[in-house]
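The values are calculated or read from the model by the stated rules, or taken from the named source; none is laboratory data. None of the values given here were measured: they were computed from a predicted structure. Every residue, glycine among them, receives a Cβ derived from its backbone with ideal geometry; neighbour counts consider all protein chains shown. We work out accessible area using only protein heavy atoms, side chains counted, and drop any ligands, DNA or RNA first. Shrake-Rupley method; radii C 1.70, N 1.55, O 1.52, S 1.80 Å.
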Amino acid sequence: MSKITAPSVRSSKVRNGSDPLVMVTAYDAPSARMADEAGVDLILVGDSVAMVVLGYDDTLQVTVDDLVHHTAAVARAKPGPFVVSDLPWMSYHLGVDDTVRNAARLIRAGAQAVKLEGGRKRVRHIEAIADAEIPVMGHLGLTPQSMHQMGGFKVQGKTSEAALALVADAKAIVAAGCFSIVLEGVPDAVAKMITDSVDVPTIGIGAGADCDGQVLVFHDVLGIEDRVAPKFVRRYASLKADGVAGLTAFAADVRTRAFPSEAETYHLSSSEADALQLYGGGKLSS
Ligand code: KIV
């Protein structure tokens, strides 16, 4: 397979004959290796790490330091897929210099591109990042970093006015330099309208089948997270259930002394065992 790059992603439009892009989140070396071996196109070191790994209720709690830490862990696996890292909340809201410095930290940690949320009001930040030669992915629709403004994790673009605003946002961020756009939590007709309006690929999550690719969160797609199942998630494995079953069997084996077995145990040579016996005996008798 040829190496995936920002330009190759940028030109991956289904309407031009490309296969849909496959993106999955990963936050550490083992998950990056799994994504690599599965042959996905892109790995997203998402700020969803806050919720699925770090136990927070929303994504607002993670910092650039957190994303640098997880990006570096993914990069150490040297995965084949193209690695995109999320700029977390407040890392691109204070000014363009600060934004570019934060984007550069993610690149130095091993990302090949960064992602940020928002439409027209993010244009100058996107331009500044692109001017620093860093590929930028946009993220429109249900943008979890705006959860308080949106009144929760709610599907966006449900009125014609809101849908047209999203189309305008998409055109603006592409003109500013985005090489692709994540569309999250929007009706399929709106996702299609956006996909048809831009010449960069859209990657959907809860945005229907007409996007140029699909992304799911690692812990959702593999069933590590089994508490909430949003409508758009399809589980392809039950790793939480498999893990609990495995740990239950381990606990039972320890308690019944079925673990460890002879084969799982290191033994001294018989001469060293004899010598130790003598030494122990000497000490005991003194
Ligand atoms: O952080 C994340 O996992 C994301 C995806 C939902 C696209 O941004």
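Details
- Protein heavy-atom accessible surface, 1.4 Å probe, per residue over the range 153-276: 58 Å².
- Relative to the Cα centre, the charge distribution of the chain, modelled as +1 at Lys and Arg Cβ and -1 at Asp and Glu Cβ, gives a dipole magnitude of about 380 debye.
- The HN-Hα couplings worked out from phi for the range 207-213 by the Karplus form 6.51 cos²θ - 1.76 cosθ + 1.60 (θ = phi - 60°) are 10, x, 8, 9, 7, 7, x Hz, whole numbers, x standing for Gly and Pro.
- Considering only the Cα atoms of the range 242-285, their convex hull presents on average a projected area of 4.7 nm².
- In loop segments of the range 84-188 as defined by DSSP, the GluC sites (Glu not before Pro) with at most 11 further C-beta atoms inside 10 Å of their C-beta are GLU133.
- Take ASP220: with every protein chain present and a 1.4 Å probe, its accessible area is about 20 Å².
- Nonlocal amide H pairs with GLN112, under 5 Å, H built at 1.01 Å: VAL83, VAL84, SER85
- Each label point was placed 7 Å from the Cα along the Cα-to-Cβ direction; for ARG257 and ALA189 their separation is 7.1 nm.
- Here the average projected area of the convex hull drawn through the C-alpha atoms of the chain stands at 21.6 nm².
- Our helix-only sum for the chain, with -39,500 (n - 2.57) per DSSP H run of n ≥ 4 divided by its residues, gives a mean residue ellipticity at 222 nm of -12500 deg cm²/dmol.
- In whole angstrom, the range 59-118 maps to an equivalent ellipsoid with semi-axes of 20, 11, 10, each derived as √(5λ) from the alpha carbon gyration tensor and ordered largest first.
- Cleavage-rule hits (trypsin sites (Lys or Arg not before Pro)) in the range 186-245: DSSP loop, at most 11 neighbouring Cβ within 10 angstrom: ARG227, LYS231, ARG234
- Calculated FRET efficiency for the pair TYR236/SER269, C-beta based, R₀ 41 Å, to 0.05: 0.25
- Label-to-label distance for SER11 and LYS171 is 2.6 nm, based on points extended 7 Å past Cα in the beta-carbon direction.
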